[in-house]
Amino acid sequence: MTATTTESTAATITEHEAQEVERANATGLQPVVLVHGLWLLPSSWDRWAALFEANGYTALTPGWPDDPATVEEANAHPEVMAHKTVGQVADHFDEIIRGLHKKPALIGHSFGGLLVQILAGRGLGAATVAIDPAPFRGVLPLPFSALKSAWPVLGNPANRNRAIPLTYEQFRFGFANAVTETEAKELYETFAVPASGAPLFQAAAANLNPWTEAKVDTENPERGPLLIVSGEKDHTVPWSIANASFKQQQDNVGVTEIVEMKNRGHALTIDSGWSEVAATALAFIKRFA
């Protein structure tokens, strides 16, 4: 059973991702794996990758299984992004990481923030930064703004098996509420893509399902240092959710920290203030990796 699962997961690794692993191993530098969340693609990390490379790391930006190469392609063929579950995506990144010669630092945003915590809980991270992370089993707060942000998906049970795009107004509320209207429109046109509905349904039901894939091993002593970053004005993952995740994690023997970025929304990794967030993540990782 295990072998079958591994073979199935390995088959999802693209040629580009395999080349990233080979390049990271060849450089001998400390790798950093950047994990995007819903409604974004790996290209959303391009500036982050350049920053970490300039600081002596080798950056990898793997996609979720079947991620299209471009925003245009993703918007033209949203169906390829459907049916991706938290467990499937976590196992995809697990397979990639196990191909590295050095244990990488992990950085994730939104559902990517949940995924890097899952991976760290498997002992796969040298240090981990979870930015506005989606909630996991044991995280109880559900503020109205978070529910409203997720409602474009959760409002229709059939969306679990679909890939759902956000309208500009939905993106403005859930991602880009802390930037100007002009910047919000630019971010929407540049970065927004459809997203699998399944992970949102998994996170919403996590506390009702003991077998959920949206769970984190917070007690593993091999978890390593963890920083949770919260955007002060984030509607999708408000402070109450980020702080509840921190409280679930803080009993781990590893270093566990949380920081709030003032006046920042859920788009904090891609908007004009991205470099401040990236510098915060870089400083944390430099301490431990």
_Any hit, segment 44-67, residues being free of Cβ contacts under 8 Å to residues at least 12 places away in the same chain and farther than 25 Å from S272 by Cα_ = no
*Evaluation of N220 against (1) touching a Gly at 6+ places or on another chain (Cβ under 7 Å); (2) crowded, with 20+ Cβ neighbours inside 10 Å; (3) more than 21 Å from R160 (Cβ to Cβ) (one fails), failing number*: (2)
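Could you identify the single residue in A50, A18 that is more than 29 Å from F171 (Cβ to Cβ) and exposed (fewer than 15 other Cβ atoms within 10 Å of the Cβ)? Spell out the reasoning first.
Working: A50 fails: more than 29 Å from F171 (Cβ to Cβ).
Of A50, A18, the one residue that is more than 29 Å from F171 (Cβ to Cβ) and exposed (fewer than 15 other Cβ atoms within 10 Å of the Cβ) is A18.
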*Might you check whether a residue that is hydroxyl-bearing (S, T, Y), assigned to a helix (DSSP H, G or I), at pLDDT 95 or above and under 22 Å from L41 (Cα atoms) occurs anywhere in segment 137-153?*
yes
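Do we find that T61 is of a type outside the set (G, A, S) and crowded, with 17+ Cβ neighbours inside 10 Å in this structure?
Taking the combined requirement at face value, the residue satisfies it.
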*asked:* On the basis of being at pLDDT 95 or above, of a type outside the set (F, W, Y), within 22 Å of L119 (Cα to Cα) and in contact with a Leu (Cβ under 8 Å, 6 or more places away or on another chain), does A18 make the cut?
replied: no
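Mind counting the residues in segment 238-285 that are aliphatic (A, V, I, L, M), more than 26 Å from A184 (Cα to Cα) and in a loop (DSSP other than H, G, I, E, B)? Before the answer, list the steps.
Residues of segment 238-285 that are aliphatic (A, V, I, L, M), as a first pass: 241-242, 244, 253, 255, 258-259, 261, 267-268, 270, 277-279, 281-283, 285.
Okay, now just the ones that are also more than 26 Å from A184 (Cα to Cα), so 244, 253, 255, 258, 283, 285.
From what is left, the residues that are in a loop (DSSP other than H, G, I, E, B) are 253, 255.
Within segment 238-285, residues that are aliphatic (A, V, I, L, M), more than 26 Å from A184 (Cα to Cα) and in a loop (DSSP other than H, G, I, E, B) number 2.
Considering only residues of segment 37-47 that are of a type outside the set (A, V, I, L, M) and in contact with a strand residue (DSSP E or B) (Cβ under 6 Å, 6 or more places away or on another chain), which is nearest to F175 (Cα to Cα)?
Within segment 37-47, the subset of a type outside the set (A, V, I, L, M) is 37, 39, 42-47.
Still in the running and in contact with a strand residue (DSSP E or B) (Cβ under 6 Å, 6 or more places away or on another chain): 37, 39, 45.
Details: G37: 12, W39: 10, W45: 16 Å.
Selected residue: W39.
For segment 202-216, enumerate the residues that are hydrophobic (A, V, I, L, M, F, W, C) and either more than 17 Å from W151 (Cβ to Cβ) or assigned to a helix (DSSP H, G or I) (or both).
Looking only at segment 202-216, we keep the residues that are hydrophobic (A, V, I, L, M, F, W, C), and these are 203-206, 208, 211, 214, 216.
Across segment 202-216, the qualifying residues are A203, A204, A206, L208, W211, A214, V216.
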*If T128 passes every condition in (1) touching a helix residue (DSSP H, G or I) at 6+ places or on another chain (Cβ under 6 Å); (2) in a helix (DSSP H, G or I) but one, which one does it miss?*
(2)
*Could you tell me which of the residues E213, E181, E222 is under 19 Å from L119 (Cα atoms) and touching a Lys or Arg at 6+ places or on another chain (Cβ under 9 Å)?*
E222
*Scan segment 52-66 for residues that are in a loop (DSSP other than H, G, I, E, B), touching a Lys or Arg at 6+ places or on another chain (Cβ under 9 Å) and under 14 Å from P42 (Cβ atoms) and jot them down.*
W64, P65, D66
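The values are calculated or read from the model by the stated rules, or taken from the named source; none is laboratory data. This is a predicted model, so every value here is computed, not measured. A quick note on method: Cβ atoms are made from the backbone with ideal geometry, for glycine too, and the neighbour counts reach across all protein chains shown.
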